[in-house]
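The values are calculated or read from the model by the stated rules, or taken from the named source; none is laboratory data. This structure is a prediction, so every number in the text was calculated from the model and none was measured. Note that each Cβ is placed from the backbone with ideal geometry, even for glycine, and that neighbours are counted across all protein chains shown. All accessible areas refer to the heavy atoms of the entire protein, side chains included, with ligands and DNA or RNA removed. Shrake-Rupley method; radii C 1.70, N 1.55, O 1.52, S 1.80 Å.
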Amino acid sequence: MGKGGEKGGESEEPEAQIRFYTWEEIQKHNLRTDKWLVIERKVYNVTKWANRHPGGHRVISHCAGEDATDAFQAFHINPTLVQKFLKPLLIGELAPGEPSQDRDKNSQLVEDFRTLRKTAEDMNLFRANPLFFSLYLGHIIAMEVLAWLMVSYFGTGWITTLILACILTTSQAQAGWLQHDFGHLSVFKKSSWNHIVHKFVIGHLKGASANWWNHRHFQHHAKPNIFKKDPDVNMLHIFVLGDTQPVEYGKKKLKYLPYNHQHEYFFLSRILLSFLIPCSHTLPNPKTFMHFFFPLWSRLDPSRVPQATLLPAYWEAQGRVETYGKGTKGAKERSREPRFLESHWFVWVTQMNHIPMEIDCEKHRDWLSSQVAATCNIEQSFFNDWFTGHLNFQIEHHLFPTMPRHNFWKVKPLVKSLCAKYGVQYEEKPLGKAFVDIVGSLKKSGDLWLDAYLHK
């Protein structure tokens, strides 16, 4: 670590000295109580500010001690505006002799990726098409209206109720993909507008907290498939994932569950999840539901508690199917059908791009390499685009999370070309194979655990 001289000038008060830091010094500040990060060669101390970070303190903490330039660009739709908040946190710059990237990352690959991003910006690929999202919202509302009309005209018989369950399952699944768009700030130019609509869609149509979603999902995007950083691979000892965790569990003789059968009880877990989340028929009223979750949210972050006030609207949504079925035998049982179906839809789609991919501890790769290693694409078709909410373009989505999804296909050839240039594997597969690979990956990890448990 060193110091630079004072800047000359005619001002009566000399400017503050610029402090220079080496990567060796910066990498020491990656602790819970001491966090530095680098953005465009400038060094920032975010220790005290992390708890006020809109995306949650953990996502910014995961980048401590590293070059966070690409992550910073990826998550903010107006980096220039955000720079104003960074200014008070500036403590210095990288020393002149230090490389711009930490840990011997391929600097040319990093520069080429940033050039690709600039090309995408010049092509207006980060500009949303209002008609696309208007029609998308319209088709969700149309399904809701159709459901009301059906029960009004055809009553609440078994056949009608089953059809209604399918319609509402579809509308809820599609609403889930829509909230994902607003959550990533990919619809409106202003962050505040995206946040407002996101809270409405996820709170009133889905019954969840926008802040809770941001807190978890941004961590997943920053460090996908990385243990202790990506909450989506924190399976609470229910599953073992990847190639290293099963062996570690096996050597330590950890057997919370028979992991060699996890590819089988994976299906059972989907059924249990659909009945437990949300527990709308085991709790007497919305107020009880809110009191049940208040302690959880307040432990995560007090700012998340007000989000629970959106839940009563969700109760109305969840009560629709039961309302349709009133007066018929088994109405409450049938009212669970949309949750059961949507649970499977959501889990299979969201896990097909990640579970079969590399899952391991932090390897400090560059942005392109880390994202592509943890994700794969599904072949494009009109049905696949609609069914997955364009998550069949998972690679492009992870590289450019604020890009409107209807533009993923346009940037895809550029991404594939860059991956080919540097030998980064770009994986794409059919939808059916992607589903099969989830089960195959779980079985492979389970077998690794059993072998280590018995023989190591």
For the range 21-67: rounded, prolate or oblate by the Cα gyration tensor [a/c cutoff 1.5]: prolate
Sulfur and carbon atoms: percent of accessible area, the range 94-159 [1.4 Å]: 64 percent
Hypothetical label at residue 81: residues of the range 32-75 whose amide nitrogen lies under 16 Å (7 Å Cα-Cβ projection): 54-55, 73-75
Heavy-atom accessible area ranking, 1.4 Å probe, most first, across 58, 127: 127, 58
Gain upon complete extension [residue 189, residue 139; 0.36 nm per residue less C-alpha separation]: 15.7 nm
Å² of accessible area per residue within the range 108-155, as computed with a 1.4 Å probe and no ligands counted: 60 Å²
Per residue accessible area of the range 20-103, 1.4 Å probe, in Å²: 51 Å²
Added length on full extension, which subtracts the Cα-Cα distance from 0.36 nm per residue, residue 382 to residue 344: 11.6 nm
The range 20-103 - charge dipole about Cα centre, Lys and Arg +1 at Cβ, Asp and Glu -1, debye rounded to 20: 480 debye
Cut-off 12 Å between beta-carbons: net charge of the residues surrounding residue 197, Lys and Arg +1, Asp and Glu -1: +1
Relative packing of 181-193, 17-29, which averages over residues the other C-beta atoms within 10 Å, highest first: 181-193, 17-29
Calculated FRET value between residue 51 and residue 428, using beta carbons and R₀ = 35 Å, to 0.05: 0.30
Ordering of 432-439, 209-216, 392-399 by burial proxy (mean other Cβ atoms within 10 Å per residue, highest first): 392-399, 209-216, 432-439
